[in-house]
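Just below is one structure, and these are the notes that go with it.
The values are calculated or read from the model by the stated rules, or taken from the named source; none is laboratory data. None of the values given here were measured: they were computed from a predicted structure. We place every Cβ from the backbone using ideal geometry, glycine too, and count neighbours over all the protein chains shown. Areas reflect the complete protein model, heavy atoms only, side chains present, ligands, DNA and RNA absent. Shrake-Rupley method; radii C 1.70, N 1.55, O 1.52, S 1.80 Å.
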Amino acid sequence: MSDTRSASSGGTPPPEADTAGDREDGRDAGGEPPADAEAPVDAAEPTDAPPRLSTGLALALGTVAAAFLAAGSPLSGAVTLLGVAALLASLARASTRLCGLAGGCFALALVAGGATGAPVAPLVGGAVLTTSAWDVADHGIGLGRHVGREARTSRNELVHAAGTLAVTGSAGAIAFGGYLVAAGGQPTTALVFLLLGGVLLLTALRG
């Protein structure tokens, strides 16, 4: 009888003890974590940088604008390239201040083109493209700050870029039409019409 009692009270703990131990370790009897256990949270924050699509579009528009303006005035094209460099720096650093500097370079490029007697067609084309490049870059910087580069914003970027080109193209057409009607072939007067169209354009974009 004593041997039988010893066998029944051997070193193997009863199942209840194992279950209690598993519960203390935060697991159920099957070795799985409890259902209400919280999953690990990814602490990575979104990258505060403009989306790649906006970056590529803005730089492409600025580069084509430099080609347009250089065709009418090498000085204007060179100043535009300085604006493109500033635009690139603004996108790399997500800086609205540098983006504004790029816009100032673009405006100076148009003034240089008018002062050197560039034909009005390259001036109008350059104005349309530089303004679009600046606005697309500014919009991209804003998107990066609000939602991050990783967010899916391609549709928003494309719609915004298309809308910007439509508005700038319309303003450019109005400026060119005004030149044909009233300028009489005078580049300075054409530049005045162009700048007036630019003011109206910026008001429409920022309104």
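Checking residue 148 against (1) on the phi > 0 side of the Ramachandran plot; (2) modelled with pLDDT of 85 or more, which test does it fail?
For residue 148, the failing item is (2).
For the stretch 50-67, what are the residues that are over 23 Å from residue 155 (Cα atoms) and either touching a His at 6+ places or on another chain (Cβ under 9 Å) or buried (at least 23 other Cβ atoms within 10 Å of the Cβ) (or both)?
Of everything in the stretch 50-67, those that are over 23 Å from residue 155 (Cα atoms) and either touching a His at 6+ places or on another chain (Cβ under 9 Å) or buried (at least 23 other Cβ atoms within 10 Å of the Cβ) (or both) turn out to be 65, 66.
Looking only at the stretch 111-123, which residues are open to solvent by less than 20 Å² (accessible area, probe 1.4 Å) and under 14 Å from residue 62 (Cα atoms)?
Selection gives 123 alone.
Looking at the stretch 1-119, what helices (runs of 4 or more DSSP H) fall wholly within it and have at least 3 residues that are modelled with pLDDT of 90 or more and either within 27 Å of the chain's Cα centre (by Cα) or more than 30 Å from residue 150 (Cα to Cα) (or both)?
52-72, 74-93, 96-115
Restricting attention to the stretch 93-104, report how many residues are in contact (Cβ under 8 Å) with a residue 24 or more places away in the chain and either surrounded by fewer than 23 Cβ atoms within 10 Å (Cβ to Cβ) or touching a Pro at 6+ places or on another chain (Cβ under 6 Å) (or both).
Residues that pass the stated criteria total 4.
What residue, of 120, 84, is of a type outside the set (Phe, Trp, Tyr) and either over 19 Å from residue 171 (Cβ atoms) or touching a Cys at 6+ places or on another chain (Cβ under 8 Å) (or both)?
Every option except 84 fails the conditions.
Is it true that some residue in the stretch 134-144 is aliphatic (A, V, I, L, M), open to solvent by 20 Å² or more (accessible area, probe 1.4 Å) and either at pLDDT 85 or above or under 17 Å from residue 57 (Cα atoms) (or both)?
There is at least one residue in the stretch 134-144 that is aliphatic (A, V, I, L, M), open to solvent by 20 Å² or more (accessible area, probe 1.4 Å) and either at pLDDT 85 or above or under 17 Å from residue 57 (Cα atoms) (or both).
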